[in-house]
Amino acid sequence: MVFRKAISVLLTFGITLTIVSCEKEEKKLGAAYEGPVEEVSNVQIRYSEQGLQKVQMITPRSLTYSNQNKVFPDTVNINFFDPTGSIITRLRADSGHFDHASNVYIVKGHVRVIKSESQETLTTTELSWNPVTKKVFTDKALTVRNTRTSEITNAIGMDAEQDFTRIKFRKATGIYKFSGVP
């Protein structure tokens, strides 16, 4: 009698264990996929206004997710053009992404912006670009070096036109040369 009760308890425990493990397995099978829904290689994204190219982004790979966010896990190169179609500013970053909800592109890593005409180089760890407002901005520390004049500007935060023709520094210090002052 005790033996039968022991066997009955063991069988009940075994069946319960089997049902519970099957339920857990079913939950695993129903888990939502959160990875990229699209992967594109050798990406070139171009923005133009009235038929004139303004911005060109080149990156080896783009991953698009179900919420329409994009990740650019490899080097991102962005060229900004003047009205004649000449490249006036070049940007290079280690990686980037596009936030669909805020419509902002964000590049990260060793970000370097080179303005060819003024011979200035901006370096920072992160920059954001909004294609609607045509503004580039950051809250991170940055440095701008002018190779022609040896002037250096250090700042925390900045707002600029998308082609970097006008830059407004938020908290800035610098080394500047003044001429004509006795």
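Nothing in this text is a laboratory measurement; each read-out follows from the coordinates by a stated rule. All values derive from a computational prediction rather than experimental measurement. All Cβ positions, glycine included, derive from the backbone under ideal geometry; neighbour counts span all protein chains shown.
What to note about this one:
- Fully extending the segment from Gln119 to Ser102, taken as 0.36 nm per residue of separation minus the present Cα-Cα distance, adds 2.9 nm.
- The HN-Hα couplings worked out from phi for the stretch 126-141 by the Karplus form 6.51 cos²θ - 1.76 cosθ + 1.60 (θ = phi - 60°) are 7, 9, 10, 9, 10, x, 6, 7, 6, 10, 10, 8, 7, 9, 7, 5 Hz, whole numbers, x standing for Gly and Pro.
- Translational diffusion coefficient (Stokes-Einstein; Kirkwood radius from C-alpha pairs) of the stretch 38-175 at 25 °C, 0.890 mPa s, in µm²/s: 159
- Of all aspartates and glutamates in the structure, the ones whose alpha carbon falls short of 14 Å from that of Lys140, not counting any fewer than 8 places away in one chain, are Glu126, Asp159.
- Under Karplus coefficients 6.51, -1.76 and 1.60, residue-wise ³J(HN,Hα) of the stretch 146-153 in Hz, glycine/proline x: 9, 6, 6, 9, 6, 6, 10, 10
- Computing FRET efficiency as 1/(1 + (r/R0)^6) for Ile58 and Thr133, where r is the C-beta to C-beta distance and R0 is 25 Å, gives about 0.65.
- For Asn69, nonlocal amide neighbours, meaning residues 5 or more places apart or on other chains whose placed amide H falls under 5 Å from its own, are His100.
- Ordering of 102-112, 30-40 by burial proxy (mean other Cβ atoms within 10 Å per residue, highest first): 102-112, 30-40
- Charge dipole magnitude, Cβ of K and R +1, D and E -1 - the stretch 98-182, Cα centre, debye nearest 20: 180
- 3J(HN,Hα) from dihedral phi, the stretch 58-66, Karplus parametrisation 6.51/-1.76/1.60, rounded to Hz, x for glycine, proline: 10, 8, x, 8, 9, 10, 10, 9, 4
- Amide H contacts for Glu151 (H built 1.01 Å from N in the peptide plane; partners 5 or more residues away or on another chain; cut-off under 5 Å): Asn146.
- Spacing of the modelled spin labels on Thr149 and Val40, each 7 Å from Cα toward Cβ, amounts to 4.0 nm.
- Part-to-part distance (alpha-carbon centres) for the stretch 131-154 and the stretch 34-48, which is given in Å: 27
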